[in-house]
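Contents: one structure, followed by commentary.
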Amino acid sequence: MATISSNGQFEESDYDATKISIEEARRLPNEHKCTYFNSVRWAHSRHREVLAKVLSLAHPDSGTDVVLLVGPTGVGKSTLIGAMKKIIIRDSLDAGQ
């Protein structure tokens, strides 16, 4: 685990980003700061609304033939598609029962 000592020095041992606060992570050396922020996920405040909208557009009866999902690297496009895939598979399995 990475910790910040009382004198503000970085001490490294079995780095675990889930055990330190954002404030502590901000004081880490850059390479460890990147590791921390790459391992932390925040949900967008409107993620459920966006997921519902994209799912409705992707539905066969929506009249939409193509859904284009664009955005900068790291904003969650693949995560959104993965969530959609799970929901579609779950709904398909539920419908078959």
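Remarks
- Distance (nanometres) between label positions extended 7 Å along Cα→Cβ at Asp61 and Arg26: 5.0 nm
- Taking a Cβ cut-off of under 15 Å around Leu55, the surrounding Lys, Arg, Asp and Glu residues balance to a net charge of +3, with basic ones at +1 and acidic ones at -1.
FYI, it's all coordinate maths here, none of it is from the lab. All of these numbers come straight from a predicted model, not from anything done at the bench. So basically every Cβ, Gly included, is an ideal-geometry build from the backbone, and we count neighbours across all protein chains shown.
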